[in-house]
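Engineer: Got a structure for you, questions after.
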Amino acid sequence: MNSTSGAARHLDGFEATVKDFWASRPRRPSDGRKIAGVAAGIGTRYGIDPIVIRVALVALTFFGGVGPAVYLLGWLFLPGQDDEVSAFEGLLGHGRSGTSRAGAVVLCALCFPAFGLAFGGTWFDGGGIIALALVVTALYLMHRSRGHLNRPPARGPVTAAMSTAKGTPVDTTSDDWDALGADPLGWDLADHTAPPADPYRPPEAPEPPRPRRSRGGSKITLVTLALAVVTAGVGTAFVDGESWQPGHVAATTLAVLAGGLLFGAFRGGARGLIWFAAPVAVATLMLSPWPAGGYPGGVGAIKETPTNFRELQPSYERTAGTIELDLTQLPERDEPISVEASVGTGDITVFVPLTADVTFDCTARTGNAECLNRSQGGVGNGNLVGRDNGADGEDGQRFHLVLDAGIGNVEVRRHA
């Protein structure tokens, strides 16, 4: 690729930058790709280690939800290394693309659920919009500062506007004029002034490859892993279940690994840290919604249908599992019936009579809560508080429910 020719130009304003970005879009390489080569193409185009782009896409997937959508857009609008146009332009018939039209249609269809994941309320309110704005801003700033690097050659189809009409005068005095329509520097002509080669002279042995200079990537990996282990160990020793929790330990350890990845990306090494950072990121996401003190109760399923108040427990708890309570068989009484249930990882389902007057306090910190007439879903949710008296008004049996799931779903249904 041409890294400097014709690229060290001054971009005046936002419009010129956008036009130049489109004209010199990154190309998805055939080698070094993991899926479609989007991250590798962007990294190569702007002189950045592709691992940084991949880490950013993973982060955008967990926090904001736009990672898959951004990757699909790159797959659609960034042409392949040997393609004339991108997959979307090929779908419109504007040139040849390595992605078939059926494949382009599938990619377009996948964009709908991908953007629905980001903007459909499954993540933080407004997080998808903020994350997408950060992506656009990052691309704009990268092109402004590094757009002159590794500019790909134009490979679009020749159009009528690019060809010279027959009989049109040609300016032969310009520096760009070429009588044969080709770059003179690209001609491969025989040198008749050179002496003929000796047919009896043995061919020269190829020069041995130079040893690849180590950039200290392995050292960065080892030092970062050592720091991460020390951080996790010290953090675990200070866990008190209140102000400092396991989620804080995981997040701090992830920050150390991310710092090593970022430093290694600019030094040309430490890619192996991604295999350690990925599970720590998942653990951080899983542990972050848990409240102080965690969830006691052990592991397993609870499924009960109490028929009297001796069988009804005031509280049901599970660290991981499911809790299903059918309260429709309880006899009526004047006092409200209070029930609490909590699960760290799993689902809570409670059935109440059709005519019951129910007040509820439902919490699904990561997941969905559907409690009679109210619902919410996503990550980092708060309490869902409400009251539902049923179709008959305030004449039914009274229930007060407090339900809490760290990661999972909470549901309250009416059942005959």
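Engineer: Look through 414, 374 and report the one residue that is touching a residue at least 60 places away in the same chain (Cβ under 8 Å) and open to solvent by 60 Å² or more (accessible area, probe 1.4 Å). Spell out how you get there, then give the answer.
Structural biologist: Numbers: 374 fails: touching a residue at least 60 places away in the same chain (Cβ under 8 Å).
Unique residue meeting the criteria: 414.
Engineer: If residue 93 passes every condition in (1) over 19 Å from residue 38 (Cα atoms); (2) at pLDDT below 80 but one, which one does it miss?
Structural biologist: All conditions are met except number (2).
Engineer: Within the stretch 392-406, count every residue that is touching a residue at least 40 places away in the same chain (Cβ under 8 Å), more than 18 Å from residue 313 (Cα to Cα) and open to solvent by 60 Å² or more (accessible area, probe 1.4 Å).
Structural biologist: 1
Engineer: From the list 100, 86, exactly one residue is small (Gly, Ala, Ser), exposed (fewer than 15 other Cβ atoms within 10 Å of the Cβ), modelled with pLDDT of 85 or more and out of contact with any Cys (no Cβ under 8 Å at 6 or more places or on another chain). Which is it?
Structural biologist: Matching residue, one of 100, 86: 100.
Engineer: Do we have residue 311 as open to solvent by 30 Å² or more (accessible area, probe 1.4 Å), among the charged types (D, E, K, R), at pLDDT 90 or above and assigned to a strand (DSSP E or B) here? Lay out the reasoning, then the answer.
Structural biologist: Values: open to solvent by 30 Å² or more (accessible area, probe 1.4 Å): yes; among the charged types (D, E, K, R): yes; at pLDDT 90 or above: yes; assigned to a strand (DSSP E or B): no.
Taking the combined requirement at face value, the residue does not satisfy it.
Engineer: If you scan the stretch 55-69, which residues turn out to be surrounded by fewer than 23 Cβ atoms within 10 Å (Cβ to Cβ) and either modelled with pLDDT of 85 or more or touching a Cys at 6+ places or on another chain (Cβ under 7 Å) (or both)?
Structural biologist: The one that is surrounded by fewer than 23 Cβ atoms within 10 Å (Cβ to Cβ) and either modelled with pLDDT of 85 or more or touching a Cys at 6+ places or on another chain (Cβ under 7 Å) (or both): 68.
Engineer: Tell me which residues, restricted to the stretch 1-45, are open to solvent by 10 Å² or more (accessible area, probe 1.4 Å), part of a loop (DSSP other than H, G, I, E, B) and either at pLDDT below 75 or polar (S, T, N, Q) (or both).
Structural biologist: Hits for the stretch 1-45 are 1, 3, 4, 5, 6, 8, 9, 10, 11, 12, 30.
The values are calculated or read from the model by the stated rules, or taken from the named source; none is laboratory data. Keep in mind that what you see is a predicted model, and the values were worked out from it rather than measured. Here the Cβ is made from the backbone with ideal geometry for all residues, glycine too, and neighbour counts use every protein chain on show. Calculation scope for accessible area: heavy atoms of the full protein, side chains included, ligands and nucleic acids excluded. Shrake-Rupley method; radii C 1.70, N 1.55, O 1.52, S 1.80 Å.
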